[in-house]
Ligand SMILES: [Zn+2]
């Protein structure tokens, strides 16, 4: 679809990693001032610690995605540990959306550091697909530590 006549502009999705923190409401206010909705990938442990701030994000138009519970390198974990990281974060996000009185319509997952699980990569992809996570193309994202999709 051509959004701007005569130009082949692409649609961009803004994603922000590692919510929640003490700065989350200020970031949300700034985005709202600009009329921008973002997907915020939640670190479960931090979301529990700054639950009200995460709640603020959801109730002000932001979408929360799963970014694991404690933000580990997945290639250093067993498959079961990886699964537990994802499920524990899901529980926090379900609680978050329930508290906000909002339905979770979109469930993206992003690996911490872009580390896709090393030896468990294929099994994890299968699990994420079967579990019904939404796929968000992250192939063009440059991670700060350039972890090269392990
Ligand atoms: Zn992260």
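Distance from the alpha carbon centroid of segment 1-73 to that of segment 109-138 works out to 19 angstrom. Dividing the radius of gyration of the alpha carbons in the chain by their Kirkwood radius gives 0.99 for Rg/Rh. Only DSSP H runs of four or more residues enter the estimate; each adds -39500 (n - 2.57), and after division by the residues of the chain the mean residue ellipticity at 222 nm equals -11500 deg cm²/dmol. Relative to the current alpha-carbon distance between residue 49 and residue 122, full extension at 0.36 nm per residue lengthens the span by 23.1 nm. Ranked by how many other Cβ atoms sit within 10 Å of their own Cβ, fewest first, the residues 133, 111 fall in the order 133, 111. Relative to the current alpha-carbon distance between residue 98 and residue 130, full extension at 0.36 nm per residue lengthens the span by 9.2 nm. Taking other C-beta atoms within 10 angstrom as a stand-in for reagent exposure, 60, 71, 30 fall in the order 30, 60, 71, fewest first. Determine the relative contact order of the chain: mean sequence separation of Cα pairs under 8 Å and six or more apart, normalised by residue count, in whole percent. Over the chain, the number comes to 20 percent.
Just so you know, all these numbers are worked out from the coordinates, no wet-lab data involved. This structure is a prediction, so every number in the text was calculated from the model and none was measured. Cβ coordinates were reconstructed from backbone atoms using ideal geometry, including for glycine residues, and neighbour counts include every protein chain displayed.
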